[in-house]
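The values are calculated or read from the model by the stated rules, or taken from the named source; none is laboratory data. For clarity, every value in this text was computed on a predicted model and none was experimentally measured. Cβ: placed from backbone, ideal geometry, glycine included. Neighbour counts: every protein chain shown. For accessibility, only protein heavy atoms count, side chains too; no ligands or nucleic acids. Shrake-Rupley method; radii C 1.70, N 1.55, O 1.52, S 1.80 Å.
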Amino acid sequence: MRARPVPADLSPAEAAAHWAARMDADVVPDEDRRAFEAWRDRAAENAAAYERAVAAMRVFDDAHDDQHLDALRRAALRYQPERSLFGVKSIAAGIALALVGIAALIAYRGPNLFRQVPVASLYEKGAADYATRRGEKLDVTLPDGSAVTLNTDTDLDVAFDGRHRTVEVLRGQAFFNVAKDPLRPFIVVAGGKQIVAVGTAFDVRLDKERVEVLLVEGRVVVENVWQAGSAAPPAQTAQASIHLSPGETLVATDQEVVHRAAPEAQRLLKWRDGLIEFDDTSLAEAVEEFNRYSTQTIRIEDSKLAELRISGVFRTNSQRKFLEAVTSLHPVAVEYRGPEVFALVARP
């Protein structure tokens, strides 16, 4: 039997997590063992990463009722990419994520690992603790029990301590269902704004120059965030805190902040079911939205087509159906510019 290969582009931590899980099996084929030993002996960094992975797995085995480790277990088990394209690498990344969290937990709590004391942070500050690629969607449970759904191409940084629960949206979109904890507010930071909640459900989307907050239930306060030492904000953007009620949205750019009712809330949240809904949307906006979900890009090559309108509900992973709808409704043709680009041009 041939040993199953480990992808060559895995980081040492990801490969170590993969090998630790494989070597922990009840029966390890000789071919697998030889392949593992060759990988381990190839570099001191590999051997060190493997020892850390094994030590972290022992913590899993020894812990029975630690709430923080239980949360990490759930996070690892939930890391199930919808697309098989990323295969072993995505699974190894999920395992490595859990092991990084455990390593941070061990470093903080040391010999008192299983004493019930606040955890300063399970994660590395400023790094993406949870991430999706284009076309992926991910459900995770944070250590406090809060549930988060990450949309396509999204990075989240998590920092919890005894007084605060903070998540930064580094890019992309996420839906938060916050566990109640009156003593520790839940804060989401995105694009110069922070959203403060105790127990509520809301959606945050961060584009390059725009942040949008949509409140589904409960109440949140949206405030400006200014880094220490930075210049004071322009007068037109230095606004007081804004309180959102269910069914309201806030859209902020560098130029303005718009707070209004969102009658289209359910349409904006269809991404959680893997759907996109357009309602008399310009073709330019529809194409931009679809391009978030695929490495295959749709490009409008004739500017006259940009303002054509389209309505309908489409699956996020079905560009073909979207293109079929566009070409059947409008005098538009699709031309291929290589395997990764679909060009929309005026039909002769």
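Restricting Arg52, Arg33, Arg42 to those that are over 25 Å from the mean Cα position of the chain (by Cα), at pLDDT 50 or above and loosely packed, with under 13 Cβ neighbours inside 10 Å reduces the list to Arg42.
Per the conditions (1) open to solvent by 20 Å² or more (accessible area, probe 1.4 Å); (2) in a loop (DSSP other than H, G, I, E, B); (3) closer than 20 Å to Lys137 by Cα, the sole criterion not satisfied by Tyr293 is (1).
Only one of (1) open to solvent by less than 10 Å² (accessible area, probe 1.4 Å); (2) in contact (Cβ under 8 Å) with a residue 40 or more places away in the chain fails for Arg165. Which number is that? Evaluating Arg165 over (1) open to solvent by less than 10 Å² (accessible area, probe 1.4 Å); (2) in contact (Cβ under 8 Å) with a residue 40 or more places away in the chain leaves (2) as the failure. You will find that of Phe160, Phe186, the residue that is over 29 Å from Glu289 (Cβ atoms) and crowded, with 22+ Cβ neighbours inside 10 Å is Phe160 and no other. Condition test on Arg267, is it under 22 Å from Asp203 (Cβ atoms), outside any loop (DSSP other than H, G, I, E, B), modelled with pLDDT under 95 and open to solvent by 50 Å² or more (accessible area, probe 1.4 Å)? Against the criterion (under 22 Å from Asp203 (Cβ atoms), outside any loop (DSSP other than H, G, I, E, B), modelled with pLDDT under 95 and open to solvent by 50 Å² or more (accessible area, probe 1.4 Å)), Arg267 qualifies.
Residue-wise test of (1) more than 21 Å from Tyr336 (Cβ to Cβ); (2) touching a residue at least 24 places away in the same chain (Cβ under 8 Å); (3) in a strand (DSSP E or B); (4) open to solvent by less than 40 Å² (accessible area, probe 1.4 Å).
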residue: Thr249; (1), (2), (3), (4): yes, yes, yes, yes
residue: Trp271; (1), (2), (3), (4): yes, yes, no, yes
residue: Asp280; (1), (2), (3), (4): yes, yes, yes, no
residue: Lys321; (1), (2), (3), (4): no, no, no, no
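Within the stretch 305-335, the set of residues being under 28 Å from the mean Cα position of the chain (by Cα), under 15 Å from Ala284 (Cα atoms) and hydroxyl-bearing (Ser, Thr, Tyr) comprises Ser311 only.
If I ask for residues that are among the charged types (D, E, K, R) and under 14 Å from Thr200 (Cβ atoms), which ones from the stretch 142-183 would you list? Explain how you work it out, then say what you get.
Quick first cut of the stretch 142-183, residues among the charged types (D, E, K, R) only: 144, 153, 155, 157, 161, 163, 165, 168, 171, 180-181.
Asp144, Arg165, Lys180, Asp181, listed by residue number.
Is there a residue in the stretch 149-172 that is touching a strand residue (DSSP E or B) at 6+ places or on another chain (Cβ under 9 Å), acidic (Asp, Glu) and over 24 Å from Arg315 (Cα atoms)? Please lay out each step first, then the result.
Narrowing the stretch 149-172 to residues touching a strand residue (DSSP E or B) at 6+ places or on another chain (Cβ under 9 Å): 149-160, 164-172.
Among the residues that remain, those that are also acidic (Asp, Glu) are: 153, 155, 157, 168.
Of the ones still in play, those that are also over 24 Å from Arg315 (Cα atoms) are 157, 168.
The answer is yes; a qualifying residue exists.
Each residue in the stretch 296-317 was checked for being open to solvent by 40 Å² or more (accessible area, probe 1.4 Å), closer than 16 Å to Thr152 by Cα and not in a loop (DSSP other than H, G, I, E, B), and 2 pass. Taking residues in the stretch 124-142 that are modelled with pLDDT of 90 or more, and partners anywhere that are open to solvent by 40 Å² or more (accessible area, probe 1.4 Å) and in a strand (DSSP E or B), the pairs with Cβ atoms closer than 8 Å and at least 6 places apart or on different chains are Asp139/Ala147; Val140/Ala147; Thr141/Ala147.
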